[in-house]
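In what follows, a single structure is set out as structure tokens and then discussed.
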Amino acid sequence: MEEHQLAKFEIKNQAVAGTLESSDLQIMIDQNAGKGIEIDLQSSVEFQFGKQIRKVVEETLANLGVTDAKVSIVDQGALDCTIKARTIAVVHRASGITQNIDWEALESWNV
């Protein structure tokens, strides 16, 4: 099986993905040059699932090669798969890469 390496994404612009509907989340990402990943999370289930939500976002950003970003999340009870999908979408939008997405490289770690 051929190994696909996903390009490292650079956050160039502010971007948003997701909705405020039940079982979804809205995620906004912006530059945070040299300051690492900062996550601001608002969730009615933060006490129970906040640690897991942050973990999924951090792992997804790491898999995309994002090392510096300000992330704001308004969670409405999203499942891990939705959190990953919204994070992938917002990183692509913020990087300006919305065409010719390397789905095979994404699938190599998104299991």
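The values are calculated or read from the model by the stated rules, or taken from the named source; none is laboratory data. Everything numeric in this text was worked out from a predicted model, so none of it was measured. We place every Cβ from the backbone using ideal geometry, glycine too, and count neighbours over all the protein chains shown. Remember, those area values only see protein heavy atoms, side chains included, never the ligands or the DNA or RNA. Shrake-Rupley method; radii C 1.70, N 1.55, O 1.52, S 1.80 Å.
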Any residue at all in the stretch 10-26 that is in contact with a helix residue (DSSP H, G or I) (Cβ under 9 Å, 6 or more places away or on another chain), part of a helix (DSSP H, G or I) and modelled with pLDDT under 95?
no
Please work out if M1 is outside any helix (DSSP H, G or I), among the hydrophobic types (A, V, I, L, M, F, W, C), open to solvent by 60 Å² or more (accessible area, probe 1.4 Å) and at pLDDT 95 or above.
no
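Within the stretch 57-91, count every residue that is in a helix (DSSP H, G or I), open to solvent by less than 10 Å² (accessible area, probe 1.4 Å) and either among the aliphatic types (A, V, I, L, M) or more than 12 Å from L25 (Cα to Cα) (or both).
Within the stretch 57-91, the subset in a helix (DSSP H, G or I) is 57-63, 80-91.
Okay, now just the ones that are also open to solvent by less than 10 Å² (accessible area, probe 1.4 Å), so 57, 60-61, 83, 87, 90-91.
Within this subset, residues satisfying the condition of being either among the aliphatic types (A, V, I, L, M) or more than 12 Å from L25 (Cα to Cα) (or both) are 57, 60-61, 83, 90-91.
Going through the stretch 57-91 one residue at a time, the tally reaches 6.
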Hey, can you tell me all the residues within the stretch 34-56 that are outside any helix (DSSP H, G or I), at negative phi and open to solvent by less than 90 Å² (accessible area, probe 1.4 Å)?
I37, E38, I39, D40, L41, S43, V45
Scanning the stretch 92-106 for residues that are touching a residue at least 24 places away in the same chain (Cβ under 8 Å) and either open to solvent by 80 Å² or more (accessible area, probe 1.4 Å) or not in a helix (DSSP H, G or I) (or both) gives R93, G96, I97, D102, E104
